[in-house]
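The values are calculated or read from the model by the stated rules, or taken from the named source; none is laboratory data. This is a predicted model, so every value here is computed, not measured. Counting neighbours? That spans all protein chains shown, and the Cβs are built from the backbone with ideal geometry, glycine included.
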Amino acid sequence: MTPASFVRRSELAVPVEALFDWHARPGAFDRLAPPWEDVHVESPAGSLRDGERVVLRVPAPPFVDGRWVAEIRDVRRPHGFRDVQISGPFGAWEHRHEMRPGATPGTSSIEDRIEFALPFGPLGRLGAGIVRRRLDQLFRYRHAVTRDDLAQLASLTGVRPMKILVTGASGLVGTALVPFLEAAGHTVVRAVRGRAADGEIAWDPAAGRMDPAALEGVDAVVHLAGESVAAGRWSPAVKQRILASRVDGTGLVARTIAAMKRKPKVLVCASAVGIYGDRGDEQLDAASPRGTGFLADVCDAWERAADPARAAGVRVVHLRTGLVLSPKGGALAKMLTPFKMGAGGVLGSGKQWMPCVSIDDLIGIVLHAIATESLSGPVEAVGPAPVTNHDFTKTLGRVLSRPTMFPMPAFAVGLLFGEMGRSLLLGSTRVVPTKLAASGYRFRHTDVESALRHVLGK
């Protein structure tokens with residue numbers, strides 16, 4: 001087999017030791033997996049040392065094994081390592097991760113050098129160009145993640161490694177947050193329903209069960225659990241489940257924290273911009289009064305459910321999140337199929353404001369909220385450049401190189417989705433991150449287009 005090659009190199013504003021340590025921590029492999037690909041880390045390496053193996057499940061053509069086993073070799077701290085395919089979709093694969101000190105103190109560079117061969121002999125060689133293009137797409141993403149994660153960690157001076165409890169760790173935000181925190185050097189404990197394994201604690205929000213003793217030693221709690229509001233039409237039973245999943249879970253976490261002898265320093269709770277209701281063109285931020293409607297009522301009760309922790313002296317932050325931009329779930333994932341088919345279009349008038357935030361910015365905001373002692377109460381977890389539905393639609397079409405000529409009138413939204421559609425798809429909430437920006441958070445993606453191109457690999 002004649003090997004083909006690929007190289008990508010980037011400069012970073014961190015010392016080479018920090019660059020190597022980030023790659024060596026749990027969570028780094030998951031953190032670098034592209035969200036637009038169905039890649040799953042079945043078995044991460046226990047540590048970055050010679051002989052450790054990583055098992056991935058990756059998309060593969062027909063008749064090609066999608067289970068990829070790679071072995072780590074030649075670990076040279078802090079100068080890099082390589083991984084070699086033991087079995088998987090390639091005829092051969094060797095990936096060298098080279099890390100070097102930069103030209104000026106406190107800087108470094110990373111170079112990914114890959115030699116690969118495709119199966120099926122001469123027929124496989126015809127696909128080398130396609131593989132190179134996909135590798136370029138992948139490593140542009142990986143280098144951006146590495147650069148931005150390390151830049152944020154470098155800005156959080158004096159933040160020691162913490163033990164952080166996460167509820168909702170298996171959800172859209174939780175599955176991105178956990179590896180991000182682990183690669184940052186923190187220990188993550190997951191709250192799970194049912195039997196708890198190592199690194200987990202059991203809780204049962206419906207029954208009101210959570211053992212305060214199991215939380216001893218936890219420095220921070222991130223509470224993300226709650227039933228999706230966009231799964232379907234809002235029947236009375238669905239509304240009750242949405243409300244109960246937020247109020248009961250948050251109240252249980254807050255009461256458990258309040259009962260602890262050594263309490264966590266901070267509780268970061270998910271909330272939503274739905275608290276403002278449908279407000280047209282009015283500019284809103286964390287200081288704005290709540291609105292009206294079902295979502296406003298839910299969010300208000302959700303935030304008040306954390307009062308026991310607040311009363312016990314714990315700093316509580318409510319992240320009022322907008323539309324989370326990730327192809328792995330949420331609203332964007334549902335939009336992608338029709339938009340890729342060229343069937344996307346404006347909803348209703350298109351004038352309604354859609355507060356958005358990239359998944360990478362949202363998990364960055366979570367860590368910022370944990371580490372920033374001056375932050376408490378409601379915080380706008382949205383990007384700095386609000387867009388209307390019309391602008392979002394045209395931007396997504398441009399990123400995907402697809403037309404957006406099929407609008408959905410407001411009456412059709414109401415017929416198809418009922419109250420849920422009228423609130424989530426046609427309601428207008430123009431939120432700006434005034435409080436978040438004043439606290440010093442620096443956005444990775446300052447506009448919707450850059451966020452979409454990042455998460456979609458475009």
Residue hits (segment 205-226; free of Cβ contacts under 8 Å to residues at least 40 places away in the same chain and surrounded by 14 or more Cβ atoms within 10 Å (Cβ to Cβ)) are 214
Filtering helices (runs of 4 or more DSSP H) wholly in segment 358-437 for at least 3 residues that are at pLDDT 95 or above gives 359-371, 389-400
Filtering helices (runs of 4 or more DSSP H) wholly in segment 108-205 for at least 1 residues that are closer than 30 Å to residue 229 by Cβ gives 128-155, 172-183
One residue is enough: does segment 241-258 have a residue meeting the conditions within 26 Å of the chain's Cα centre (by Cα) and part of a strand (DSSP E or B)? no
Pairs returned, first residue in segment 308-322 that is within 17 Å of residue 297 (Cα to Cα), second residue that is not in a strand (DSSP E or B), beta-carbon separation under 6 angstrom, 6 or more apart or interchain, are 318/303; 320/273; 322/273; 322/355; 322/382
Scanning segment 444-455 residue by residue, those part of a loop (DSSP other than H, G, I, E, B) and touching a helix residue (DSSP H, G or I) at 6+ places or on another chain (Cβ under 6 Å) turn out to be 444, 445
Of those in segment 280-294 that are outside any loop (DSSP other than H, G, I, E, B) and at pLDDT 95 or above, the residue surrounded by the most Cβ atoms within 10 Å (Cβ to Cβ) is 284
- Test residue 186 against the criterion of being touching a Ser or Thr at 6+ places or on another chain (Cβ under 6 Å) and either touching a residue at least 24 places away in the same chain (Cβ under 8 Å) or in the same structural domain as residue 254 (by TED's automatic domain parsing) (or both), and give yes or no. no
